[in-house]
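The values are calculated or read from the model by the stated rules, or taken from the named source; none is laboratory data. All figures in this text were calculated on a predicted structure; none of them were measured in a lab. Don't worry about glycine lacking a Cβ; one is built from the backbone with ideal geometry, like all the others, and counts go over all protein chains shown. Surface areas here come from the heavy atoms of the whole protein model, side chains and all, with no ligands, DNA or RNA. Shrake-Rupley method; radii C 1.70, N 1.55, O 1.52, S 1.80 Å.
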Amino acid sequence: MKIAIPQERRQGETRVAASPDTVKKLVAQGCNVVVETGAGLGAAFTDEAYREAGASITPDYSSAVGAADVVLKVRRPLLAGEGTVDELARLVRGAVLVGILDPHDAPESIAAYAKAGISAFAMELMPRITRAQSMDVLSSQSNLAGYKAVLDATAEFGRAFPMMMTAAGTVPPARVLVMGAGVAGLQAIATARRLGAIVSATDVRPAAKEQVESLGGSFVAVEDEEFRQAETAAGYAKPMSEAYQKKQAALIAETIKKQDIVICTALIPGRKAPVLVSEAMVRSMKPGSVIVDLAVERGGNCPLSEAGKVVEVGGVRIVGHTNVPGRIAVDASALYAKNLLNFLNPLIDKDSGKLAIDWDDEIITGTALTRDGSVVHPAFAGAAKPAKPQEPVTATVEPAKIEMAPGAAPSEPAAKPRQPAPAKPAAPKPRATAAKRKPAARKPAARKASAPKPPTPESDD
């Protein structure tokens with residue numbers, strides 16, 4: 001079985017889909033691994049390192065992916081008109097494509113995979129279940145992004161992070177507010193604490209409070225009834241009501257005035273990033289303060305942030321770096337490569353060394369976008385109609401179990417999604433039947449005084 005590792009051609013992408021370590025393990029299983037020359041240079045993996053691991057090195061993209069059974073990528077392949085090479089057109093019909101395929105923002109690519117006869121797997125849609133934790137690319141990459149966000153903040157901040165007592169005077173510790181306590185946010189909290197900052201954090205998910213406090217941070221939130229219900233079965237944040245957002249914004253507005261650094265990590269699956277730091281809040285911050293917006297590629301948690309730029313507004317620096325995991329390409333590539341290896345291992349038949357995909361496995365049904373010329377993922381059934389890309393995304397956020405969002409650490413919600421999911425479709429039917437039978441049972445009694453009572457059980461529901 002031929003597995004191809006092409007060079008990433010999207011602008012600014014430094015990662016690679018396989019490391020010499022994972023190539024060695026694939027070769028040990030009898031796979032023929034082919035790496036395009038220079039594919040790993042952005043992550044400090046040389047052609048020689050791949051060759052020593054057992055891979056073959058090819059001079060160009062076409063020879064790498066030609067006749068490949070499996071193509072491993074970091075980002076989705078370029079389509080016609082997106083670059084100098086139409087990457088998708090070079091894949092053979094029936095090939096398996098695995099990568100971070102960005103189906104929400106590029107629904108037209110899903111239809112293209114189906115038309116090309118490609119079996120495409122989007123790793124960001126990995127279900128949050130225990131046995132899939134080692135395949136969770138969003139957790140591995142977000143973890144590094146949270147760490148790097150703090151380092152990017154220190155690079156722009158004109159003061160020290162820890163408190164320092166010297167003969168010349170005392171340097172006060174920096175105050176850091178982390179907005180969104182998912183995987184990236186929790187790592188940002190831990191990193192800022194290690195550097196000696198006073199850290200606080202906010203998130204709309206109740207479970208986040210304990211996680212933040214366990215890392216030594218203080219939790220900031222309006223803890224009302226809506227807050228207590230603001231989490232999906234999979235551990236993701238739900239969209240909050242306008243009334244709650246106003247209350248939370250008022251609290252954050254007061255808190256943010258006292259902060260030196262704000263790190264924004266909040267995302268909602270399949271939707272534009274929520275605005276958490278308004279222009280007024282930015283202008284209320286002290287000159288020299290720093291905002292790092294990790295959500296800038298999905299619209300940003302701060303409307304003043306600009307993708308790929310560091311801008312200054314009223315003395316406050318707003319950092320909008322894109323592809324933050326790619327800024328730590330060596331570790332990001334190594335972890336991502338292991339995610340893909342762990343995904344592929346169960347798909348390879350140990351005797352024949354060929355693919356043996358169980359299409360009924362929940363990991364496969366959760367990540368598969370296309371198969372045999374059709375779109376098979378329920379969340380993207382309308383992908384062939386790109387004029388309405390948002391409807392299917394919004395309507396099916398929970399079933400998709402998307403990790404683009406800052407969900408809780410994978411170990412916390414892992415057990416949740418599988419148990420409520422089967423119960424939800426069945427639950428309404430018995431309730432609806434019961435509601436209908438109760439009024440029917442009362443009719444034979446023919447008691448006029450009982451006539452007004454049938455609405456009572458419905459109102460209790």
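For E279 and V313 in one chain, what is 0.36 nm times their gap in residues minus the Cα-Cα distance, to one decimal in nm? Before the final figure, lay out the partial values.
Numbers: separation 34, 0.36 × 34 = 12.24 nm, distance 0.90 nm.
Taking E279 through V313 to full extension adds about 11.3 nm, to one decimal.
Once fully extended, how much extra length lies between V171 and D102, figured as 0.36 nm per residue of separation less the alpha-carbon to alpha-carbon distance? If you can, show how the numbers build up before the last one.
Numbers: separation 69, 0.36 × 69 = 24.84 nm, distance 4.45 nm.
Taking 0.36 nm per residue and subtracting the Cα distance, the gain is 20.4 nm.
Grab the other residues whose beta carbon is less than 15 angstrom from that of M163, score K and R as +1, D and E as -1, and report the net.
On the way: positive: R159, R175, R193, R194; negative: D260.
Around M163, the surrounding residues sum to +3.
Give me the accessible area of S140, 1.4 Å probe, in Å² rounded to the nearest 10.
20
Between T322 and E52, what is the FRET efficiency for a Förster distance of 30 Å, r being their Cβ-Cβ separation, to the nearest 0.05?
Numbers: r = 33 Å, r/R0 = 1.11.
So the FRET efficiency works out to roughly 0.35.
Could you tell me which residue out of T166, S214, G270 lies farthest along the dipole of the stretch 152-301 toward its positive end? Charges go on the beta carbon: Lys and Arg +1, Asp and Glu -1, centred on the Cα centre.
T166
Share of the stretch 262-322's accessible area from carbon and sulfur, percent, 1.4 Å?
Details: 1170 of 2350 Å².
Looking at the stretch 262-322 in its full context, I get 50 percent from C and S.
For the pair L355/K257, report the inter-label distance in nm, with labels modelled 7 Å from Cα in the Cβ direction.
Reported label-point gap for L355 and K257 is 5.9 nm.
Can you give the extra length, in nm with one decimal, that the chain gains between M163 and E242 once fully stretched, where that is 0.36 nm per residue apart less the Cα-Cα distance? Provide the component values of the computation, followed by the final result.
Numbers: separation 79, 0.36 × 79 = 28.44 nm, distance 3.89 nm.
Here the segment from M163 to E242 would lengthen by 24.5 nm.
Going by a ≥ b ≥ c, the root eigenvalues of the Cα gyration tensor, does the stretch 289-389 fall in the rounded group (a/c under 1.5), the prolate group (a/b larger than b/c) or the oblate group? Could the numbers behind the result be given before it?
Values: a/c = 4.42, a/b = 1.80, b/c = 2.45.
Taking the square roots of the gyration eigenvalues as a ≥ b ≥ c, the stretch 289-389 is oblate.
To the nearest 0.05, what FRET efficiency results for K286 and T84 with a Förster distance of 45 Å applied to their C-beta separation?
Values: r = 47 Å, r/R0 = 1.04.
E between K286 and T84, to the nearest 0.05, is 0.45.
Quantify, in whole percent, the carbon and sulfur part of the accessible surface of the stretch 2-137 (1.4 Å probe; protein heavy atoms only).
Numbers: 2390 of 4770 Å².
Carbon and sulfur: 50 percent of the exposed surface of the stretch 2-137.
Quick one: if the Förster radius is 60 Å, what FRET efficiency do E226 and K115 give, using the C-beta to C-beta distance and rounding to 0.05?
Details: r = 44 Å, r/R0 = 0.73.
My answer for the efficiency is 0.85.
Defining a contact as two alpha carbons under 8 Å apart and six or more residues distant in sequence, what relative contact order in percent does the stretch 148-298 show? Please report the intermediate quantities before stating the final value.
Numbers: 258 pairs, mean separation 37.2, N = 151.
RCO, the stretch 148-298: 25 percent.
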